[in-house]
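The values are calculated or read from the model by the stated rules, or taken from the named source; none is laboratory data. The model shown is predicted, which means the values in this text are computed figures rather than measured ones. FYI the Cβ positions are ideal-geometry reconstructions off the backbone, even for glycines, and counts take in every protein chain you see. Note: accessible area is taken over every heavy atom of the protein model, side chains too, but ligands, DNA and RNA are not part of it. Shrake-Rupley method; radii C 1.70, N 1.55, O 1.52, S 1.80 Å.
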Amino acid sequence: SVFEAADDTASVTNLDSVMRYEAPDASLVLLDTIGLGDTEIDQDKVVASIRDVALSAPFGVDVLLFVMRHARITDDAIARLIYVTEYLWGQECLLNLYIVVTFASRYLVRKDEAVQWIERQAEINWRFKHIYNLVGNNPHRFIFVDNPDPMSEEPNIEQRHAASQAAIMKTLVLHPRDVVPPFTHAIMKKAQKLSEDELRELELRQKEVQDLGNDSEKDSTVPSETKPKEQEESPVDSASPVDSASPAPPAKKKEKKTPRSSTGSGKGPKLSPRASPRADKDKASSAEKTAAELREKRMQARRKREAAEKALRKRLEEVKVNKEFQDTVVMEAERARAKFAHVYAAAPDPEPSKSAASGSPVIACKRVLGSLSKSISKRMSITSKLQTSPRLSQAEARKVELFTGDDDEPQSFEMIERSLDGLVAKLSKALQGGVRENFERLAGSSASTLSPVTFQVFLSEVDPNIKKHQAGGLWRRGDANCDGQMDFSEFSALFNGSGLSRPKSPA
């Protein structure tokens, strides 16, 4: 764990309910929601967790990882997952969800066996089937890792840890950020609104640092004419540029000719006068000055970014104790609990199942609901009735929704899938049977796949009003192997009928 390995460094921040790690170059931020994984999850932990996640990621979260051990899945684990994904965060977070299976050394290296194991578990275990449905019945959204205890003295621990880290990083790199939007909860939007000036300033400073590059890019700071002479032995004609990704054509061998003197009349190559040592020295001095100025600009840009980060941290600490923000957090948590109670509080207990392939989470969900209904802290309460009543009528649940002023009510699983079905039908009709022709038009003659950006352009052509999460949902249906690209077979499957086949509601 990066948190265990580095929790004594400045890169890890231990908040009330979230551990936060940020890479030194700010390219990656990891959040560990330690509160939501507790067996006895209560409303205090829920409030603290959604508050700290929002303050740590006001612009949203690209990837959500549900971590489960390669062992028996309990009813309580499924009940907590149902509450968090379907009621607390909402269905739209499922586009960003991946499943991490720990202690799975065999399946980390044997991919075919991993897929077989996933499909077999989905057939024989209703709990696993529920998890499989959450990721669209796509085995490629499972990540297997091998995490032996560093103190266990097991063989090849470093190599096994490295392979596990590579599996995680591969998923993060291939995640289609260009078409699957970050998951953004109402609390994140509230934190963003209350700190918009500081966020805008930090975004500006980060862009400035990126535009200036880094100090390791030395070649870009030195003009080509000042480079050592031995690098100029095989110059490339400026009128015939060579793609940097392609090998340069071999230089033509020059015939040996006898050079003539400057006064001779024989045929031969003309000799150009050599630049004076003073001119070479002036050019080198000018290049060094330019490089020094660029390094100074980079240093100043980094200082400004650090100042912007410090100002944002200070502002977010102020937001954390802001009464308006606190009230919004509590109301969102209460609304999620009220909806959860409306579905499960009065639900009849199922008959005991004789088969592991069939079952119900109702009893476990009632246990989670009992924990959520425990008294919440007085300083963050709304009303005693909302705190203590585990059973809310439909009218009472609606009161909670109205009380929060919800303008963007999350859609149910069925509503989202029906909406995607309609878009697939609309897009299929727009293609007018020319799936191959349109794919080649979009991909171009030299490409065999569509990128997320190109796919987004295609969707905008057909329906300019398509929403980001709808575009992301269509991409998830199409990119079956989660490699970040869509080939023709995937594109054709999406718009030739199989795009309408979808997972059943996990609820």
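Which one of the conditions (1) in a helix (DSSP H, G or I); (2) of a type in the set (D, E, K, R); (3) in contact with a helix residue (DSSP H, G or I) (Cβ under 7 Å, 6 or more places away or on another chain) does Glu40 fail to meet, given that it meets all the rest?
Every listed condition holds for Glu40 apart from (1).
Quickly run through segment 440-498 and pick out the residues that are under 14 Å from Pro176 (Cβ atoms), in a helix (DSSP H, G or I) and among the charged types (D, E, K, R).
Lys468, Arg476, Arg477, Glu490
Do we find that Leu95 is among the hydrophobic types (A, V, I, L, M, F, W, C) and touching a Gly at 6+ places or on another chain (Cβ under 7 Å) in this structure? Steps first, answer last, please.
Details: among the hydrophobic types (A, V, I, L, M, F, W, C): yes; touching a Gly at 6+ places or on another chain (Cβ under 7 Å): yes.
Answer is yes for this residue.
Starting from residues that are among the aliphatic types (A, V, I, L, M) and open to solvent by less than 40 Å² (accessible area, probe 1.4 Å), keep the ones in segment 286-308 and report whichever is nearest to Ala54 (Cα to Cα). Give the derivation first.
So the first thing to find is which residues in segment 286-308 are among the aliphatic types (A, V, I, L, M), and the list is 287, 291-292, 294, 299, 301, 307-308.
Subsequent filtering for residues that are open to solvent by less than 40 Å² (accessible area, probe 1.4 Å) retains 287, 291, 301, 308.
Details: Ala287: 47, Ala291: 41, Ala301: 27, Ala308: 19 Å.
Once the filter is applied, the top-ranked residue is Ala308.
Taking segment 36-90 as the search range and keeping residues that are among the polar types (S, T, N, Q) and surrounded by fewer than 17 Cβ atoms within 10 Å (Cβ to Cβ), which one is modelled with the highest pLDDT? Can you show your working first?
Within segment 36-90, the first condition is being among the polar types (S, T, N, Q), and the residues that meet it are 39, 43, 49, 56, 74, 85.
Among the residues that remain, those that are also surrounded by fewer than 17 Cβ atoms within 10 Å (Cβ to Cβ) are: 39, 74.
Numbers: Thr39: 65, Thr74: 88.
Here the answer is Thr74.
If you go through segment 43-77, how many residues are within 23 Å of the chain's Cα centre (by Cα) and either free of Cβ contacts under 8 Å to residues at least 12 places away in the same chain or in a helix (DSSP H, G or I) (or both)? It would help to see each step written out before you state the result.
First pass over segment 43-77, keeping only residues within 23 Å of the chain's Cα centre (by Cα): 46, 48-69.
With the extra rule that they be either free of Cβ contacts under 8 Å to residues at least 12 places away in the same chain or in a helix (DSSP H, G or I) (or both), the set shrinks to 46, 48-56.
Qualifying residue count, segment 43-77: 10.
Only one of Ala364, Ala311, Ala333 is open to solvent by 20 Å² or more (accessible area, probe 1.4 Å), part of a helix (DSSP H, G or I) and of a type in the set (A, V, I, L, M, F, W, C); which? Walk me through it before giving the result.
On the way: Ala364 fails: open to solvent by 20 Å² or more (accessible area, probe 1.4 Å); Ala333 fails: open to solvent by 20 Å² or more (accessible area, probe 1.4 Å).
Criteria check complete, one pass: Ala311.
Keeping to segment 464-484, report how many residues are of a type in the set (Asp, Glu) and open to solvent by 30 Å² or more (accessible area, probe 1.4 Å). Break it down into steps so the answer makes sense when it comes.
Our first condition is that a residue be of a type in the set (Asp, Glu); within segment 464-484, this holds for 479, 483.
Remaining after also requiring open to solvent by 30 Å² or more (accessible area, probe 1.4 Å): 483.
Residues in segment 464-484 being of a type in the set (Asp, Glu) and open to solvent by 30 Å² or more (accessible area, probe 1.4 Å): 1 in total.
Inside segment 82-113, can you point out the residues that are among the small types (Gly, Ala, Ser) and in contact with a Lys or Arg (Cβ under 8 Å, 6 or more places away or on another chain)? Even if it seems obvious, please write down each step before you answer.
Start the filter on segment 82-113 by keeping residues that are among the small types (Gly, Ala, Ser), which leaves 90, 104-105.
Hit for segment 82-113 is Ser105, nothing else.
For segment 54-68, give me each residue that is touching a Phe, Trp or Tyr at 6+ places or on another chain (Cβ under 6 Å) and on the phi < 0 side of the Ramachandran plot. Explain how you work it out, then say what you get.
Filtering segment 54-68 down to residues touching a Phe, Trp or Tyr at 6+ places or on another chain (Cβ under 6 Å) leaves 60-61, 65.
Those that are touching a Phe, Trp or Tyr at 6+ places or on another chain (Cβ under 6 Å) and on the phi < 0 side of the Ramachandran plot: Val61, Leu65.
Quick one: Glu409 ticks every box in (1) farther than 25 Å from Pro139 by Cα; (2) modelled with pLDDT of 85 or more; (3) of a type in the set (Asp, Glu) bar one, so which box is it?
All conditions are met except number (2).
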